[in-house]
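Read through the structure below, which is laid out as structure tokens, and then see the notes.
Bear in mind that the values in this text are calculations on the coordinates, not laboratory data. Just so it is clear, the structure is predicted and the values come from calculations on it, not from any experiment. Here the Cβ is made from the backbone with ideal geometry for all residues, glycine too, and neighbour counts use every protein chain on show.
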Amino acid sequence: MPTSTDPATSPAFVDTARRPETRGIELVSPSDRHGRARDLFWVWAAPNVSVLNFTIGATMILLGLELWQAILVIVAGSLPWVFPGILAIAGPAAGTSGSVITRALYGVIGNKLVVAFTGWLISAVFLALNWLASSFMGADLVAQAGLTDPVLGPVLVTVVVSTITVLVAVYGHALIIKSYSVITIVLLAVFLAVTAFILPHVDWSYRATQPLDGVPLWSAMTIGFTILASTPLSYANSPDIARYLPRATRPSHIIAATALGGALPCIFFTIVGALLATAVSDTAMAAGIETALLDLLPGWLGPIFVLGVIVNTVALNGMTTYTSSMALQAVGVPIRRIPSAIVVGAIGTALTLYLVMSTNLLDAVNLMLQFLVIVSAPAMAVFTTDIILRRNRYDGAALFDGDRGGPFWYTGGWSIPGIGAVAIGGLAAALCLSTDVWSGPISEAMGYIDLSVPAGMIVAAGVYFGLSKTSLGRSALR
């Protein structure tokens, strides 16, 4: 059985969409490398033609922003998509999962702790958030078929969708690469049709009831930025999808395909979500943005849109479950990738069922996305900085050497620069975070301006870069 210290690959493995992918974190040999960088565009576009974009866009208006201010924040909040693009180039360089590559950043033992948070906590939250969206909207669809129970309907939808999602993760890389271009085109057709029926209802002269200025305006805009930026900053799994590409693939093409695939649909449909918020009443918004949206659509389009939401959920969570299954292996659990994917799916399903019975979509999305940046922003900054410092040179085979005295054993299995940078960056992010539940003292002193993303990333990158100049850092970056 391949383990976290075994780089070997199976000579019988073939990356095909017709059967489950048995390879986990094992190295992808040069003979198995294939594909083009532009294939990554579709892989990242399909998950991001999402109803969550509508929800987050509506949030920008609920924060009190004018339309032009909301659009400005949406564009700015999508710029961090460049970071998953940068991380993706490490996949072909090392030929293995990002959760293994980060041993170079944190050490053999330290990496287990970080991956447990970034590969499991974040993945579980996003699995639940997206299944939650399809559960609420799918429940409306099954209610039309006669199943009106407010708990049983969402639970049934969650179980069915999560089962299909796990199947996608089981078949893995080849199925994702082959099918997501088709899924993107189908989803674009559905979501553009929905957009066409939203636009006639938009209040283009919309003005906030109490226009914001000064510190309250900056507070709303920075909170909105944090919510938006948290999505791309959570995708530290981008090397996993790119690892099959030939090593000679141009890094600039990988960065562009990944970043644009995620950013373009996010920008467009999040702006549509902001426009949608001007078309519905406060009462309708309180009932849930998903319900308000369905009320604007003709009867024939509503079920199609809900099915589109479910397909998008499967696309996004299928990829998340796929990469999370390798994170479990990288942590050191002696399990093959396919059983690991099933375990990940079961945990995500359980969390979703809890949220279905305890919250609403808008509250869950906003609160979870804000708190995630405490972990995701520093981790993304450290990984990006490491790629730059190493000039994207990673020895895939050496990454699997977990013995004492190995190249990535560092200080007792821990990399002080990496762990220290993430911890200090996370503290900086927490001190600058502003949420309805808790706000850091720096944010509170500034009038609840939320600088958690830039603070967490700049501090983490600065600490990591600074320590790289010490004896500890020079050892880590050798």
Thr411/Leu389 FRET efficiency (R0 25 Å; Cβ-Cβ; nearest 0.05) = 0.85
inquiry  = Quick check: the angle from helix 337-356's long axis to the longest principal axis of the chain, C-alpha only, nearest 10 degrees?
reply    = 30 degrees
key: Separation between Cα centres of the range 29-68 and the range 288-325, rounded to whole Å   = 14 Å
Most to least packed among 385-395, 135-145 [average Cβ atoms within 10 Å] = 135-145, 385-395
key: Approximate spin-label separation Thr209-Ser31, in nm, with each point projected 7 Å along Cα-to-Cβ   = 6.9 nm
Cα Rg over Rh - the chain, Kirkwood = 0.97
remark   = Expressed in nanometres to one decimal, the distance between label points 7 Å along Cα→Cβ at Lys178 and Thr163 is 2.3 nm
key: Inter-probe distance in nm under a simple model that places probes 7 Å from Cα toward Cβ, at Thr291 and Asp401   = 6.1 nm
inquiry  = At a threshold of 8 angstrom on Cα-Cα distance, excluding pairs fewer than six apart, so keeping six or more, what relative contact order does the chain reach in percent?
reply    = 32 percent
ask   = Mean residue ellipticity at 222 nm from the helices of the chain, using -39,500 (n - 2.57) per DSSP H segment of n ≥ 4 over the full residue count, to the nearest 500 deg cm²/dmol?
value = -21500 deg cm²/dmol
remark   = In nanometres, the difference between 0.36 nm per residue of separation and the alpha-carbon distance of Ile185 and Ala143 is 12.3 nm
ask   = How far is helix 173-198 tilted, in degrees, relative to the longest principal axis of the Cα atoms in the chain, given as a value from 0 to 90 rounded to the nearest 10?
value = 20 degrees
query = If amide H atoms are built 1.01 Å from N in the plane of the peptide, which residues on other chains or at least 5 residues away come under 5 Å of the amide H of Thr411?
reply = Ile416
note = Taking 0.36 nm per residue of separation between Glu444 and Leu72 and subtracting their Cα-Cα distance, the length gained on full extension comes to 131.5 nm
Estimated FRET transfer efficiency (Ala248, Thr16; beta-carbon r; R0 30 Å; 0.05) = 0.85
Cα-centred dipole magnitude for the range 33-362, charges only on beta-carbon of K, R (+1) and D, E (-1), debye, nearest 20 = 1560 debye
key: the chain: angle of helix 301-331 to the longest principal axis, Cα-based, in degrees nearest 10   = 20 degrees
